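**Q** Provided herewith is a single structure, encoded as structure tokens, for subsequent inquiry.
The values are calculated or read from the model by the stated rules, or taken from the named source; none is laboratory data. All values reported here derive from a predicted model rather than from experimental measurement. When we count neighbours, we look across all protein chains shown, and the Cβ atoms used for this are built from the backbone with ideal geometry, even at glycine.
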Amino acid sequence: MVTSSSDRRRARSGRAIEVFGKDADAALDALALLDLAWHDCYGEPSPSETIIEDIWEVSSGKLAQLVVAAHLAVIDFRDVRVWADEHRHDD
């Protein structure tokens, strides 16, 4: 089901607050940019929620890390999956 960018932002806001606190809006802005890049590269409105969850995981609440993960996801989301799996096993 295709959702609007505002619907995706609203759906992601709880997780953004959980991970980024006061920087949640900036994290959501970065994911909005990810959606635009994803659409340009893959013709889909957004990456899957699994990929988004992997990005949240590896960000560790750091905006710079979120941006790195979002960029890597567009290049090859499988690398983000490996990174996230390693991160989960380190916890």
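**Q** Starting from the stretch 17-43, keep only residues that are under 12 Å from residue 62 (Cβ atoms) and touching a residue at least 24 places away in the same chain (Cβ under 8 Å), then list their pairs with residues that are exposed (fewer than 15 other Cβ atoms within 10 Å of the Cβ) and small (Gly, Ala, Ser) whose Cβ atoms are within a distance under 7 Å, requiring at least 6 positions of separation or different chains.
**A** 19/61; 20/61
**Q** Within the stretch 36-51, count every residue that is buried (at least 20 other Cβ atoms within 10 Å of the Cβ) and closer than 16 Å to residue 4 by Cα. Before the answer, list the steps.
**A** Within the stretch 36-51, the subset buried (at least 20 other Cβ atoms within 10 Å of the Cβ) is 38, 46-47, 51.
Next, only the ones that are closer than 16 Å to residue 4 by Cα stay: 38, 46-47.
The total comes to 3.
**Q** Might you let me know whether the stretch 60-73 holds any residue that is among the aliphatic types (A, V, I, L, M) and loosely packed, with under 13 Cβ neighbours inside 10 Å? Break it down stepwise before answering.
**A** Let us first name the residues in the stretch 60-73 that are among the aliphatic types (A, V, I, L, M), namely 63-64, 66-70, 72-73.
This time we only want the ones that are loosely packed, with under 13 Cβ neighbours inside 10 Å, so: 64.
Taking every residue of the stretch 60-73 in turn, at least one turns out to be among the aliphatic types (A, V, I, L, M) and loosely packed, with under 13 Cβ neighbours inside 10 Å.
**Q** Right, another one. For residue 69, indicate whether it is among the aliphatic types (A, V, I, L, M), assigned to a helix (DSSP H, G or I) and without any contact (Cβ under 8 Å) to a residue 24 or more places away in the chain.
**A** yes
**Q** Taking the stretch 56-80 only, how many residues are in contact with a helix residue (DSSP H, G or I) (Cβ under 6 Å, 6 or more places away or on another chain) and more than 21 Å from residue 18 (Cα to Cα)?
**A** The total comes to 5.
**Q** Residue 88 fails exactly one of the following numbered conditions: (1) surrounded by 17 or more Cβ atoms within 10 Å (Cβ to Cβ); (2) part of a helix (DSSP H, G or I); (3) touching a residue at least 12 places away in the same chain (Cβ under 8 Å). What is the number of that condition?
**A** Condition (1) is where residue 88 drops out.
**Q** With the stretch 1-65 as the region, which helices (runs of 4 or more DSSP H) entirely inside it contain at least 1 residues that are among the polar types (S, T, N, Q) and modelled with pLDDT of 95 or more? Explain how you work it out, then say what you get.
**A** Details: elements: 5-20, 24-42, 49-59.
Correct list: 5-20, 49-59.
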